[in-house]
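The values are calculated or read from the model by the stated rules, or taken from the named source; none is laboratory data. Computed from a predicted model, the values in this text were never measured in an experiment. Note that we place each Cβ from the backbone using ideal geometry, even for glycine, and neighbour counts take in every protein chain shown. The protein model used for the area step is the full one, side chains on, heavy atoms only, and it has no ligands, DNA or RNA in it. Shrake-Rupley method; radii C 1.70, N 1.55, O 1.52, S 1.80 Å.
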Amino acid sequence: SLQYKWNSNIRVYALYSRGFRASTLDDLCRSGRIKGGFKIANPLIKPEYLSNIETGIDYNSMSNLHLSGSFYYSRGKDFQYYVSNGQTIDLGFGDRPIFIRDNISDVEIYGAEAELKYDVQPSFTLFANCALTHSTILKYSRISENDTIDLTGKFLTDIPANIISIGVTYTHPY
């Protein structure tokens, strides 16, 4: 990462990072109920890799006002993701889909974040932040030849497009 402080109030930064996530033992060898359905173990799942580029700016005014904003772009390879195998199972309360944790060849995630904080007193802070995210499956290889589902061009689930938070922080002297 690189950062530059223009003065005591303004900082800009840019960074590149690359990380990986190994498969969990649960996904490798346990079949069973999960939220929304049933999952089949996949002992062949590979670790996922994510490359990320981010840039941002922080501004701290003399009047206890703090502003920050950032933009990021991430690219995932062998992204671990629950995929429906096209079958269902009756779990006692109706048919539910059967999933398998599999690797998605190529995903893209990008977005922006902004935050506003105001220190009313040293121990009392008001804050608001917003995050906008766009996540897309760029390349999907079907899990079997008879798989009719193609996820290419679809959005990733469990990654919200918009998040807004507003709150108060109080720090007690003790």
Excluding ligands and nucleic acids, what accessible area in Å² is computed for C29 using a 1.4 Å probe, to the nearest 10? 90 Å²
Cα-Cα separations in the stretch 1-58 greater than 20 Å, expressed as whole percent: 55 percent
Rounded to the nearest 5, the percent of DSSP beta bridges in the chain running antiparallel is 95 percent
The chain: most fluctuating residue of L25, L116, L132 per GNM, C-alpha cutoff 10 Å: L25
For the chain, with +1 on Lys and Arg beta carbons and -1 on Asp and Glu, the positive-most of P160, I10, Y118 along the dipole: I10
Starting from the Cα of K117, draw a straight line to each of the lysines and keep only those under 21 Å, dropping any in the same chain fewer than 8 residues away. K5
Charge tally for neighbours of N64 with beta carbon under 11 Å away, counting Lys, Arg as +1 and Asp, Glu as -1, is 0
Taking the stretch 44-122 on its own, what percent of its Cα-Cα pair distances exceed 18 Å? 65 percent
In what sequence, largest accessible area first, do F20, F99 appear using a 1.4 Å probe? F20, F99
Check cross-link reach from K46 to the lysines: straight Cα distance under 30 Å, and skip same-chain residues fewer than eight apart. K35, K77, K139, K154
What number comes out for the charge environment of V12, summing +1 per Lys or Arg and -1 per Asp or Glu over other residues with Cβ under 12 Å away? 0
Give me the percent of the accessible area of the stretch 1-131 that comes from carbon and sulfur atoms, probe 1.4 Å, all protein chains in place. 60 percent
Given Cα pairs under 8 Å that are at least 6 residues apart, what percent is the relative contact order of the stretch 122-161? 44 percent
Per-residue ellipticity at 222 nm attributable to helices in the chain (runs of n ≥ 4 DSSP H, -39500 (n - 2.57) apiece, nearest 500 deg cm²/dmol) works out to -500 deg cm²/dmol
For the stretch 95-174 the translational diffusion coefficient, Stokes-Einstein from a Kirkwood Rh over Cα pairs at 4 °C and viscosity 1.567 mPa s, in µm²/s, is roughly 79 µm²/s
